[in-house]
Amino acid sequence: GGGGGAAMADGDGLLSVDYEVHGKVQGVFFRKYTQGEAKRLGLVGWVRNTSHGTVQGQIQGPTARVRELQEWLRKIGSPQSRISRAEFNNEKKIEALEHKEFQILK
């Protein structure tokens, strides 16, 4: 919470959001597909496997496109993945993109 008086409509401007996806998301090309989907939507950020079996990362880009990838992470993922839930936090409006591209981190 804590509403600020943002003049921008929700569909405008740049958004940054962190995500973590739970379920069967490692060893199923989840990162590769996430990168491909992010690039298709023109988003930047990163994705990586964690040591506790989830996939996490950050997405940045136009708000509407970020929402599309959030929906994709929540419901679709890679063909062999089984998503139990996706969590999003640290959502914030940003003035400029902080990444050059969408990378898969080791």
Choose one answer from SER51, SER78, SER16: the residue with the largest mean-square fluctuation in a GNM of the chain with alpha-carbon springs under 10 Å. SER51
Round to the nearest 10 and report in Å² the accessible area of LYS39, as given by a 1.4 Å probe over the protein chains' heavy atoms. 120
So what's the angle, to the nearest 10 degrees on a 0 to 90 scale, between helix 63-75 and the longest Cα principal axis of the chain? 30
The extension gain from ASP18 to SER51, computed as 0.36 nm times the residue separation minus the Cα-Cα distance, is 10.2 nm
Of all DSSP beta bridges in the chain, what percent run antiparallel (nearest 5)? 90
Expected output is a single nm value to one decimal: the length gained when fully extending between ILE76 and ASN89, i.e. 0.36 nm times separation in residues minus the C-alpha distance. What is it? 2.7 nm
The range 10-47 to the range 51-89: how many Å between their Cα centroids? 5
Pull out the extension gain between ARG40 and LYS100, defined as 0.36 nm times the separation in residues minus the alpha carbon to alpha carbon distance; nm, one decimal. 20.1 nm
Rounded to the nearest 10, the angle in degrees between the Cα long axis of helix 30-41 and the longest principal axis of the Cα atoms of the chain comes to 30
Helix-only estimate, please: 222 nm mean residue ellipticity of the chain, summing -39500 (n - 2.57) across DSSP H runs of length 4 or more and dividing by its residues, to the nearest 500. -7500 deg cm²/dmol
Whose amide H sits under 5 Å from the amide H of GLN103, counting only residues 5 or more places off or on another chain, with H placed in the peptide plane? GLY45, TRP46, VAL47
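The values are calculated or read from the model by the stated rules, or taken from the named source; none is laboratory data. Worth saying up front: this structure is predicted, and the values here are computed from it rather than measured. Surface accessibility is based on the protein's heavy atoms, side chains included, excluding ligands, DNA and RNA. Shrake-Rupley method; radii C 1.70, N 1.55, O 1.52, S 1.80 Å.
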